[in-house]
Amino acid sequence: MNYQQQPYQQVQPAGPRVAPGVLVGVSVWRLLIVISACVGFFSAMSRGKASNLLPALSQQASLLVGIVYLGLLLYPVFTGGRRHEPKSPWWRGSMVILLILVCVTYLAIIGGSLDATWSLFEHLITPLLVLVDYLAVGRNQAAAKWWHPITWLSFPLAYLVYYIAADLRMYGSFLNPKKSAFPGVIAGFIAALLVLGFILFAFGKMKAAAARQRAGYQPYQGYPQQYQQAQYQQPGQYQQDSQQYPQPGQYQQDPQQYHQQAAPYQAQDYQQQAAQYQAQQYQAQPQQYQQQPQDPQQYQQPYPAQTQQPPPGYRPNG
């Protein structure tokens, strides 16, 4: 019976768990962002009809931040506590770009007020919390790719398409598609957000470099010094250790001793090869060994029956 050998699969060990203090602290911080976004969104929506208030970028941004950071809050549950955030900082970076756009546009360009609760949370508190989360709380900024700042513009550009398609008039004359200055305004916004995105990208790289420097990290430059000065490199050690190995010409001087030592291994190899050959012959022709004779009497009689009768015309002498 042939058994097919199953390929060996190495089991990857599970990664270490995040320290409980880090996990609890990050979770509480992310929960605070979710609460801030929800307070701003629901306070703003309570002022009137949803159809009139939901198209505003401030409400949509607060709602999206609440959903994204709720997912980041629950992320350790799906990883079994081994990671407190994804490896990529894309979602956190995109939320920073979106919320900074909301904050700067509302306070610097429109000249909005922060007297109302919904305005304070949507245009100041939540943007600051998201920015601090990216700069100080999260630990995956170093994993940002060079193209992340470009793709972080996805949500602002998607809202711009919606704004033009729905023919909204919510931000005064500076964002009017019918005016000739509209393309220049959009180009200025895109350039400013790109600069902000690459600043965040550079910050993550510099923060990672500073962390490696504080930890005493050095680029790989060959084997560590402790291996270069190990005891195996001491002079004369190999000459002392080499005495336990056969010296050159030892088996030539005493060939009989060599044959006596090698004979058991040769006999063992011969037995293994013979057993392997017999197994291959049996597998190649199994029917030859399993088929039973159809006429057992032919093995009991030394000659066929017709050879016992004299041939025709045979006459014995005498």
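The values are calculated or read from the model by the stated rules, or taken from the named source; none is laboratory data. What you are looking at is a predicted structure, and each value in this text was computed from that prediction instead of being measured. In this analysis, Cβ positions are derived from the backbone assuming ideal geometry, glycine residues included, and neighbour counts consider all displayed protein chains.
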Where a residue in the stretch 130-144 is closer than 16 Å to Ala210 by Cβ and its partner, wherever it lies, is among the hydroxyl-bearing types (Ser, Thr, Tyr) and assigned to a helix (DSSP H, G or I), with Cβ under 7 Å and at least six apart: Gln141/Tyr134
Breaking point among (1) touching a residue at least 40 places away in the same chain (Cβ under 8 Å); (2) over 29 Å from the mean Cα position of the chain (by Cα); (3) loosely packed, with under 14 Cβ neighbours inside 10 Å, for Ile164: (1)
Candidate set from the stretch 65-80 (those that are among the small types (Gly, Ala, Ser) and closer than 19 Å to Met95 by Cβ); member that is surrounded by the fewest Cβ atoms within 10 Å (Cβ to Cβ): Gly71
Conditions (1) modelled with pLDDT under 85; (2) within 19 Å of Leu101 (Cβ to Cβ); (3) surrounded by fewer than 11 Cβ atoms within 10 Å (Cβ to Cβ): number failed by Gly222: (2)
Selection status of Tyr106, in contact with a Leu (Cβ under 8 Å, 6 or more places away or on another chain), assigned to a helix (DSSP H, G or I), surrounded by 14 or more Cβ atoms within 10 Å (Cβ to Cβ) and hydroxyl-bearing (Ser, Thr, Tyr): no
Elements of type helices (runs of 4 or more DSSP H) in the stretch 1-96, at least 3 residues being modelled with pLDDT of 95 or more: 20-45, 57-78
Close pairs from the stretch 182-197: first without any contact (Cβ under 8 Å) to a residue 24 or more places away in the chain, partner among the β-branched types (Val, Ile, Thr), Cβ under 9 Å, at least 6 apart: Ala192/Val104
Members of the stretch 164-212 found to be more than 23 Å from Gly112 (Cβ to Cβ) and assigned to a loop (DSSP other than H, G, I, E, B), listed by number: Lys178, Ser180
Residue match in the stretch 112-128 (condition: out of contact with any Ser or Thr (no Cβ under 7 Å at 6 or more places or on another chain) and modelled with pLDDT under 95): no
Lone unmet requirement of (1) part of a loop (DSSP other than H, G, I, E, B); (2) exposed (fewer than 15 other Cβ atoms within 10 Å of the Cβ) for Val132: (1)
All positions within the stretch 82-122 that are under 22 Å from Ala192 (Cβ atoms) and of a type in the set (Phe, Trp, Tyr): Trp90, Trp91, Tyr106
Residues (surrounded by fewer than 16 Cβ atoms within 10 Å (Cβ to Cβ) and not small (Gly, Ala, Ser)) located in the stretch 187-197: Ile190, Leu194, Val195
Matching entry among Leu124, Leu135, Leu131 (being aliphatic (A, V, I, L, M) and within 19 Å of Phe189 (Cβ to Cβ)): Leu131
